[in-house]
Every structure is written in C-alpha cells, then in structure tokens.
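S.K.: So that we are looking at the same thing, I have put the structure below in structure tokens.
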Amino acid sequence: MNIPPQLVELKARLHEIYDLEMAAALLNWDQTTYMPPGGATARGRQLATLGRIAHEKRTDAQIGRLLDALRPYEETLPPDSPDAALIRVARRDYERATRIPAAFTAELYQHMAASYDVWSRARPANDIAAVLPYLERTLDLSRRFAEFFPGYDHIADPLIDMADDGMRAATIRQVFAGLRQGLLPLVEQVTAQPPVDDSCLRQFFPEAQQLAFGVEVITALGYDFTRGRQDKTLHPFMTKFSLNDVRITTRFDEYDLGSALFSTIHEAGHAMYEQGIALEFEGTPLASGTSAGMHESQSRLWENIVGRSLPFWEHFYPRLQATFPDQLGNVSLETFYRAINKVQRSLIRTEADEVTYNLHVILRFDLELALLEGTLAVRDLPEAWHERYRSDLGVTPPDYRDGVLQDVHWYGGLIGGAFQGYTLGNIMSAQLFEAALRDHPDIPQQIGRGQFGTLREWMREHVYRHGRALDADDILRRATGRSLDVQPYLAYLWRKYGEIYGIAHTPFHQVVA
C-alpha cells in the first residue's frame, strides 16, 4: 500500500516534537545529577523555552488537518497495524494538547524546575516552610490543568488519565478498597509475629562495591549498558533520550545494603521496558511505555517478584558474599532472604516492604484527591500526612524530611495522577508473571540458575515491544486473558509471606468481596 504524503509529513512533525521532548529530558536528567546549584534559574528558563516550543508544534493546526486527512487511510488499516496505532495515539495526544495553552505550559515547566530546586535543598534541611508556597502554586496549577478538560466526573480524572489512560478516580478507589481489604489481615498477622532480624543488611557496605554488584545484577537481568548508563541522584528514576539511550539513576546508603540494590533493579526494570520497545517506533509518540501502571509493573516485577525471590538469591547470594565476605560470609541464605523480605510498619515508601508498600501509595492517593477537591489545605497537609501514617501504618514521622517531603513527585510535577500507578503496577506485575508461568512453568528454576532470558523475552513479546500502540488494558487482556485483577497479587503476597512468617493463608474470597 502506498504511504500517503500526509502520513510522511505527520511523522516528520512528530519526530521534531520528540526531539524537543528528549532535549528537555536531557536537561532534566542533568539537573538531577550533575548540574551545579547555581544553574537552577537558567535551567528553569531553558526548560520553559523547550516546553513552549514543543507545545506550539504539538498543537499546530496543521497536525489536526493532517489527522483529518488521514481518516480514510486509517479506516483501511488493520487496527493493530503500526500506522493505525500511530494515527490513533497522535490524534489522542493532539486533542489533549490543544486544550492546554502554550503560555500555561511554559509557566508550568518554569515552576516545576524552581520547585524541584527548592525541594532538593529543603528536604535535607527539614525545611517545610520553604516548600509550602511552591506547593500552593503547584496545587493551583494542577487545578487549572484539570479545568482544561471539562466533562470528567472528578477533578483528578484528567490528571489520572494523563498517566494511566482510561483510569478514573472512582475506579481506582474501588480497586484500592478491595486491595486494602485483602492486605490488612496479612499486615496484621505478619506484624504480630516476632520481627525478622535484618541487622545483616545494616552493616558498612562501601559504595563502590555496592555499585559494582548492582551493575552485575542488572546486566544479567538484561539491562543493556551499550544503550544506557547509571548515575547518582537524590531520588532514583529512569529517563530516556532515545530508545538507544535509556538511563537509570540511584542513591547509596553505605549502612543499608538493600536501598541502592533494589532501587537499581527497580529502575532497570523500567529501563528494560523502554529498551524493549520496537525500534520502528523511534521518534514517534509510540516510543514510550503505555501507562504509569504498566511501567511500574515492570519495575516491581523485576525488583520484587524476581529480585526478592528465593531462587534469585540461590544464584546471586554466593556472589554477594564474595563481594562482602566480612559482612555476609557467616550469614546464611535463609537469614539473608528473610532480611530482605522483612515486613514492618515503616515511614519511607521507596524502602517499604511488599506487604505494606501499597498502604503508602493509597494514603498519598487519598491526600491528592483531598487537596484537589479543596477538602484539605496545603498548610494542613504535613499534619494530615502524619495522621494518616499514624492511622494506616501505626508509625509517626519524626520530621518532615521523612514525612511529606520524602517524595519528589509533588515538588517536580503536578498534584494528581502521580501515585496510583505504583499500586496498579504491583497488581499488574503479579497478573503478568502468573501468565508467564503458565506459558513457561520452569521460569523459577531458570531464575535459580541465573537465566532471565525466557521471562524477559516473554515480557518483551507481550508488553515491551508494543510501546503505546496498545493501552494497558489491551496488553493485560491479550497477555493474561482478563482485565486488571487484584487476585493474583494478593495470592502471591499471601503465599510468599505466609511461608516466610509461618502464618495461615486466608482464602481470597474471605478477604476481598
């Protein structure tokens, strides 16, 4: 079939927008890794300029005319064809982008850069007063953003929809309520047991050796260092500048072995997703993970379902002991395995165990909704945060640094749509892993031999390669046979932690209606 000239022009315009976005991503990466503090003001201006130009190009009326002209061609294509997916996604992006004024985009980029800079200094100093004015403006910008998209049932819906297409506040509330109902009995039973001794993880582990071991692990998993690199930052993240330049960052604590190790595996999971997208999508809107939740399914799958599993450490633990012989030489595999899977009521989301992690996410989601609804004022957020931790997790933050300042999301982005993807990803990770095991029952044995290719290639075939050509629900239904389902995740948690802590497995139907 002949390629219409309108499609050629559309692709050229989309490539130009993609290049501008990747240039902005590079500036963001530099700001969070190597940029000197004095560069913050200029960096905000630079990002605002790139954001404005990209937005002007994204909303150019000619793109709308090209998309209209391509409708007859689109109707002749199989729905799953790359061109049909590109036109469909480009139209969705165009219709969204044209609702947002260019001046607002520039204002938002400049504010986010300034807010991140203030947060990066305020968190170590426990200076909540410094960030509150910026957070007030972030909330105002978030509400203004949502108002560009009338017709939703909840003010948070447009913000959620941008991160997890098709999801709504009401749906997520329902999913989270069912998950919470299934989790609370497990949390209660596990935390009633004698605490696991994890002192083996709290010794001195030099950063250089931690870095080297982490690189060995993620290289074995399949992170391609010829198409990526790893650097240090305040808050670990993954970013990309092309499908052949996908980077990860981490942070180190020399007295907590698990902190850098598992965040490194986590970010590598994100990166392997991006590195696995079909290269034919490069330079187009399809060259990205399809949703925050699906992206998180991959980071959490590799970090937790694989990286905290017993077979994984049957392979890697002798190597870790060789790396840290003085610290771990006399520590048994069983002791180490129980330590890295210790369940406790804790303060820090990024370091929370699998059982309690989602409680951290649910309370943040609830606080976001309250802020956007106007039922919670920014000035009252720090205390509301403390109260939710007391009620939900039974712990009280000793300061703001490990309280409301701990996550970068509200200080480097909008309020709303920032957190639900983490828990949606946890649910999806177990659902996808269950499907992979149906196709390849010997995956756990392969993991025990340090062989990850079968699982990685299954994910590449069913998830990665599609990029945004399929949405999250399409991927789940095709890969697993059903839409989002909390049951495999709860079954996984009850099975794993029931074995570790010696507790009875409460049947699923008894904990979730």
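None of the figures in this text is laboratory data; all of them are computed from the coordinates on show. These numbers come from a predicted model, not from an experiment. When we count neighbours, we look across all protein chains shown, and the Cβ atoms used for this are built from the backbone with ideal geometry, even at glycine.
S.K.: Measure out, as a whole number of angstrom, how far apart the alpha-carbon centroids of segment 7-74 and segment 345-418 sit.
M.R.: Using only Cα atoms, the two centres lie 32 Å from each other.
S.K.: Another question about this same structure. Would you calculate the separation in nanometres between label points at Arg202 and Glu457, each defined as 7 Å from the Cα along the Cα-to-beta-carbon direction?
M.R.: Here the answer is 4.4 nm between the modelled labels.
S.K.: Based on Cα coordinates alone, diagonalise the gyration tensor for segment 372-421, multiply each eigenvalue by 5, take square roots, and list the semi-axes in whole Å, largest first.
M.R.: Values: eigenvalues 68, 36, 26 Å².
Equivalent ellipsoid semi-axes, largest first: 18, 13, 11 Å.
S.K.: Related question: What chymotrypsin sites (Phe, Trp or Tyr not before Pro) in segment 231-275 are in a loop by DSSP, with at most 11 other Cβ atoms within 10 Å of the Cβ?
M.R.: For chymotrypsin sites (Phe, Trp or Tyr not before Pro) across segment 231-275 that sit outside H, G, I, E and B with at most 11 neighbouring Cβ atoms in 10 Å, the list reads Tyr255.
S.K.: Let me ask you something else. Quote to one decimal, in nm, the extra length available between Arg227 and Asp60 on full extension: 0.36 nm per residue of separation minus the C-alpha distance between them.
M.R.: 56.9 nm
S.K.: Here is a follow-up. Taking the chain as the region of interest, what is the percent of Cα-Cα pairs per 20 angstrom bin, listed from the shortest bin to the one with the maximum distance?
M.R.: Each 20 Å bin holds this share of Cα pairs: 21, 58, 20, 1.
S.K.: For the residue pair Leu234 and Arg92, what label-to-label distance in nm results when each label sits 7 Å from Cα along the Cα-to-beta-carbon direction?
M.R.: 3.3
S.K.: Given just the C-alpha atoms of segment 397-443, how large is their convex hull per residue in cubic angstrom?
M.R.: Looking at segment 397-443, the number lands at 117 Å³ per residue.
S.K.: Based on the alpha-carbon set only, what is the convex hull volume of segment 110-155 divided per residue, in Å³?
M.R.: 73
S.K.: How large is log10 I(q)/I(0) at q = 0.13 Å⁻¹ when the Debye formula is applied to the Cα atoms of segment 96-176, each weighted equally and without solvent?
M.R.: -0.53
S.K.: At a temperature of 10 °C and a viscosity of 1.306 mPa s, determine how fast segment 1-107 diffuses translationally according to Stokes-Einstein, using the Kirkwood radius over alpha-carbon pairs as Rh; express D in µm²/s, rounded to the nearest whole number.
M.R.: 103
S.K.: Any chance you could list P(r) for segment 14-72, counting all Cα-Cα pairs in 5 angstrom bins from zero, rounded to whole %?
M.R.: 4, 18, 22, 18, 13, 10, 7, 5, 3, 1, 0
S.K.: Return one quarter of the surface area of the convex hull spanned by the alpha-carbon atoms of segment 169-260, equal to its mean projected area, in nm². Let's see the in-between values first.
M.R.: Values: hull surface 38.1 nm².
Over all viewing directions, segment 169-260 projects a mean Cα-hull area of 9.5 nm².
S.K.: Apply the Debye scattering formula to segment 116-275, with a single equal point scatterer on each alpha-carbon and no solvent, then give log10 I(q)/I(0) at q = 0.08 Å⁻¹.
M.R.: Normalising to I(0) and taking log10 leaves -0.40.
S.K.: Take the Cα atoms of segment 401-513, find their three principal axes, and give me the spread along each one in whole Å, biggest first.
M.R.: 44, 41, 33
S.K.: Let me ask something else. Pairwise over distinct Cα atoms, reciprocal of the mean inverse distance: report the Kirkwood radius of segment 62-203 in Å, one decimal place.
M.R.: Across segment 62-203, the inverse of the average 1/r is 20.1 Å.
S.K.: Let me ask another. How would you order 124-134, 301-311, 479-489 from highest to lowest mean count of nearby Cβ atoms within 10 Å?
M.R.: 301-311, 479-489, 124-134
S.K.: Starting from one equal scatterer on each C-alpha and no solvent at all, send me the Debye-based log10 I(q)/I(0) for segment 269-417 at q = 0.15 Å⁻¹, two decimals.
M.R.: Scattering profile of segment 269-417, log10 relative to I(0): -0.98.
S.K.: Give me the net charge for the shell around Leu221: Cβ to Cβ below 13 angstrom, other residues only, Lys and Arg +1, Asp and Glu -1.
M.R.: -3
S.K.: Also, quick follow-up: Please compute, over every Cα-Cα pair in segment 227-320, the percentage with a separation greater than 17 angstrom. Each step should come with its number before you reach the end.
M.R.: On the way: 2347 of 4371 pairs.
Summing the P(r) of segment 227-320 above 17 Å gives 54 percent of all pairs.
S.K.: Mind checking the full-extension length gain between Ser81 and Arg379? Use 0.36 nm per residue of separation minus the Cα-Cα distance, one decimal, nm.
M.R.: Working: separation 298, 0.36 × 298 = 107.28 nm, distance 5.02 nm.
Fully extending the segment from Ser81 to Arg379 adds 102.3 nm.
S.K.: Of the peptides 26-34, 435-443, how do they stack up when ordered by the mean number of other Cβ atoms within 10 Å, highest first?
M.R.: 26-34, 435-443
S.K.: Considering only the other residues whose Cβ falls under 10 Å of the Cβ of Tyr422, what net charge follows from Lys and Arg at +1 and Asp and Glu at -1?
M.R.: That works out to +2.
S.K.: Please give the FRET efficiency for Asp127 paired with Glu147, using the beta carbon to beta carbon distance and R0 = 30 Å, rounded to the nearest 0.05.
M.R.: So the FRET efficiency works out to roughly 0.45.
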